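Heads up: the structure comes next, in structure tokens.
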Amino acid sequence: MLGIAWPSMRVSLDAPFVGLGVLVAAMTVAQFAASATSGLLRERFGTIVLLLGSVAAAAGGLAIFAIASGWWATILAAAVLGCGLGLLDAAVNTEAALRGDIRFMGALHGAWAIGASLGPPLIGATLVASDSWRPAYVAAAGAFALLGVATYMVRSDLGEVPELEAEASGERSIGRSVVLGCALMFVYVGVELGAGQWTYTRFTADASLSEGLAGLAVFLFWSALAAGRVALAAIGDRVAPARLFDLSVFGALASTLGFWLLPPPVAALLALPFLGATLSVFVPVLLYLTPRRIGTAAAPRAIGYQVAAGMIGGASLPAVVGLLMQSIDVAVLGPCLVTMAAVLAGLHVASTRTLDSRTYVRQLFR
């Protein structure tokens, strides 16, 4: 929502041109801190309080945006909203990993993809109808408030859903698995956003493709990402999660190689959507496997750390790719994606070696 609303917001609040970067930074820092501490907060206050608190913070941040009369109020709004979203992201993923199956995890992340697509048209509709961005933030705050009420009403049902009972591996093995999980998430988000954010520039800056074809390629990438998650929700239980993870990691490596080496039309309209499809299951499967690899007790904190690591990867790696494209050539996007995908594959291989053979075989064949 923020990127579409910003031009109108900047004028109405007399904000500086670079203010969008300030708001994104405030939101990202708050999200990172909230996600990283979500496991600790869950242990201290419980699942229901954490869910209600995160929804309340998100609704509050959106409401502050809607009523803000000055530039500085929007910085506070971004920080409060970031806290709510960071806690909610980690908390919901934790509950899905501990209480749901792989199809539920796929549905959760498919819903994220659908929800992300609704923000821009919501802002656009309110700008057309009222010439203001504020009603969209009122509507979003209201949606979170209703979600909070619904969560409170079914709190007893949520508490009765049994948790996974997975034994903890050795302390040293847990620590290494958590670090590798965070590294996997950090690099993955770099691949996803690097491809999604820079593909259009890569193919249009040197006239490799028309603007229409480049835009179609980006649309197909995000559509394949969403479709893969919907497919995971529908039929994800037909393949063992560890096998899905292997297919995702090595499929991403093959796709990035195709994106780099194939002629631009084929790279854009075939390799890029295939990359989106292979990446689609990575995050839901990684988070689903986390408690099954390190045990139920350690999972909430580990998942919070992984979500936070993904946020840092999304904020840093695409920026580095952009700097390389600017200083060398836009075609360097291909080698950058291949390098990140190769690192991802190496981390995946290293992470499987932290598991004892019985655990890995059990996850591979169930």
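For the options S130, S35, S210, a Gaussian network treatment of the chain with springs between C-alpha atoms closer than 10 Å singles out S130 as fluctuating the most. Could you check which residue among G84, G142, G110 shows the biggest mean-square fluctuation in a GNM of the chain with a 10 Å Cα cutoff? Maximum among the listed residues: G142. Report the Cα centroid-to-centroid distance between the stretch 317-336 and the stretch 56-91 in angstrom, as an integer. Centre-to-centre (Cα) distance: 32 Å. Think of a 1.4 Å ball rolled over the protein heavy atoms: the stretch 153-224 then has 55 Å² of accessible area per residue. Calculated mean residue ellipticity, 222 nm, the chain: -29000 deg cm²/dmol, from DSSP H runs (n ≥ 4) at -39500 (n - 2.57) each, averaged per residue and rounded to 500. Expressed as a whole percent, the accessible surface of the chain that belongs to carbon and sulfur atoms is 69, based on a 1.4 Å probe. Hydrophobic, long helices, defined as DSSP H runs whose alpha-carbon span along the helix axis is 24 Å or greater and whose mean Kyte-Doolittle value is at least 0.0, occur in the chain at 19-45, 47-67, 71-99, 102-130, 134-153, 171-205, 211-235, 241-261, 299-327, 333-353. A Gaussian network model of the chain, with springs between Cα atoms under 10 Å, assigns the largest mean-square fluctuation among A195, A143, A341 to A143.
Using a Förster radius of 41 Å, what is the FRET efficiency between A297 and S223 based on their Cβ-Cβ separation? Nearest 0.05, please. After rounding, the FRET efficiency stands at 0.60. Extension gain, Y152 to T339: 0.36 nm times the residue separation minus the Cα-Cα distance gives 62.7 nm.
The values are calculated or read from the model by the stated rules, or taken from the named source; none is laboratory data. Because the structure is a prediction, the values reported are computed rather than measured. All Cβ positions, glycine included, derive from the backbone under ideal geometry; neighbour counts span all protein chains shown. Surface areas here come from the heavy atoms of the whole protein model, side chains and all, with no ligands, DNA or RNA. Shrake-Rupley method; radii C 1.70, N 1.55, O 1.52, S 1.80 Å.
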